[in-house]
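Here the structure comes first, spelled out in structure tokens, and everything after it is commentary.
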Amino acid sequence: MKWLKKRYWNTRKGDNWVFSSRKGDNPIELIRHTNIKTNIGHIKVRGDASVFDGNLTYWSTRMGKHPQMPKRTASLIKKQKGKCAHCKLFFREEDVIETDHIIPTAAGGKDEYKNLQLLHRHCHDKKTKSDLKIIDNYQRRKRMEEFYKWFNKLNWIWKEDITTMI
């Protein structure tokens, strides 16, 4: 076991437990995760604010400024003024927030910012259930349009009130 310590663990800058190589003039060492600086800053809470004060507008807006919040989600929170588009309740920090297409893509909706909204997870489940009817109607209409296109390409004439193919 001593050979392991001698080979892999060296002394660097007064620290006896640095995982590094001894080869060459510029030894390679493993950087400790505690020495890595991150650019994720802490956003200070306003002096008089408390999560228990009922000011959900402040906390929803603050959540949108969180450094780990995706930019798209943050801009949608700002656009929706911190509220769920379905139930109109404010988002809280512990809520699971999901991005939803206002018009489902399966029903012809585009994957664009103006067709997106934020919902609580349970609100998203409810909306998805109602969207299934919209999607079903859209797909039926599309199938009928395809059938009419096919049907109209055929050469039909009317003979004694009956369509007949030429």
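Each reported figure results from applying straightforward, stated rules to the coordinates on display, with no laboratory input. On a predicted model such as this, the values are computed, not experimentally measured, just so you know. Every residue, glycine as well, gets a Cβ built from its backbone with ideal geometry; the counts of neighbours run over all protein chains shown.
Here are the numbers for this structure:
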| read-out | value |
| --- | --- |
| Estimated inter-spin distance, Lys153 and Lys23, nm [label 7 Å along Cα→Cβ] | 6.7 nm |
| Distance-filtered residues of region 101-115 - backbone nitrogen under 17 Å, label point 7 angstrom along Glu145 Cα→Cβ | 103-111 |
| J(HN,Hα) series, region 123-140, from Karplus relation 6.51 cos²θ - 1.76 cosθ + 1.60, nearest Hz, glycine and proline x | 5, 5, 4, 5, 5, 4, 4, 6, 5, 4, 5, 4, 5, 4, 4, 4, 5, 4 |
| Unsatisfied cross-links (Cα-Cα over 24 Å) in the set Lys81/Lys127; Lys37/Lys79; Lys44/Lys83 | Lys37/Lys79 |
| Environment charge of Val96, counting only residues whose C-beta is closer than 13 Å and scoring Lys/Arg +1, Asp/Glu -1 | -4 |
| Sequence-distant residues sharing a close amide H with Leu116 (under 5 Å, placed H) | Ile102 |
| Residue exposure sequence - Val45, Val18 - by fewest surrounding Cβ within 10 Å | Val45, Val18 |
| Distant-in-sequence amide H partners of His86 (H built 1.01 Å from N, under 5 Å) | His120 |
| Alpha-carbon spread of region 56-153, three principal axes, descending order, Å | 60, 22, 18 |
| Proxy reagent accessibility, fewest Cβ within 10 Å first, across Glu29, Glu160, Glu146 | Glu160, Glu146, Glu29 |
| Under the Karplus curve 6.51 cos²θ - 1.76 cosθ + 1.60, θ = phi - 60°, whole-Hz ³J(HN,Hα) for region 86-102, x wherever Gly or Pro sits | 8, 9, 6, 8, 5, 6, 10, 4, 7, 6, 8, 9, 10, 8, 10, 7, 4 |
